[in-house]
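Below is one structure, written out as structure tokens; the observations come after it.
The values are calculated or read from the model by the stated rules, or taken from the named source; none is laboratory data. Note that this is a predicted model, so its numbers are computed, not measured. Please note: Cβ atoms are built from the backbone with ideal geometry, for glycine as well, and neighbour counts cover all protein chains shown.
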Amino acid sequence: MEATPDEKKAALKALRRTRRQWIKNASAAVREQKNALKSIRSHLGAGAATIPEIAAATALPAHEVLWFVAALKKYGEIVEDEKDGAYYRYALKAAVSQPES
């Protein structure tokens, strides 16, 4: 026997109520990630930088910066630039000069 429209509505309302905190936490995490990515992109807009330099400039932990940079690199938004000691420098893809043909 199928539930009536009122029963379905009540079940959805109860489900939303039980998951409210989870949804709130997930939304906050997404906002934090967007802000972190925006900060990293903004810093790299000024020029290439290493993971420690980006972490210091954005006040994010270096391990988080590493994950964000890896994701940005995977999706082609940034590229590895020259090596600076033990660290690679990363730059926005559009900021890297292309060789002239």
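Computed values, structure above
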item	result
Test: Leu92 is without any contact (Cβ under 8 Å) to a residue 40 or more places away in the chain, out of contact with any Cys (no Cβ under 9 Å at 6 or more places or on another chain) and buried (at least 16 other Cβ atoms within 10 Å of the Cβ)	no
Tally, over segment 28-59, of residues that are touching a residue at least 40 places away in the same chain (Cβ under 8 Å) and either farther than 15 Å from Arg89 by Cα or surrounded by 12 or more Cβ atoms within 10 Å (Cβ to Cβ) (or both)	6
Those residues of segment 15-44 which are of a type in the set (A, V, I, L, M) and at pLDDT 95 or above, in sequence order	Ala26, Ala28, Ala29, Val30, Ala36, Leu37, Ile40, Leu44
Among the residues listed as Thr50, Thr4, the single one being among the polar types (S, T, N, Q), out of contact with any Pro (no Cβ under 6 Å at 6 or more places or on another chain) and over 30 Å from Lys83 (Cα atoms)	Thr4
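Residue-by-condition table, conditions (1) under 14 Å from the mean Cα position of the chain (by Cα); (2) hydroxyl-bearing (Ser, Thr, Tyr):
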residue: Pro5; (1), (2): no, no
residue: Ala11; (1), (2): no, no
residue: Leu15; (1), (2): no, no
residue: Ile23; (1), (2): no, no
residue: Ala28; (1), (2): yes, no
residue: Arg31; (1), (2): yes, no
residue: Ala36; (1), (2): yes, no
residue: Ser39; (1), (2): yes, yes
residue: Gly47; (1), (2): no, no
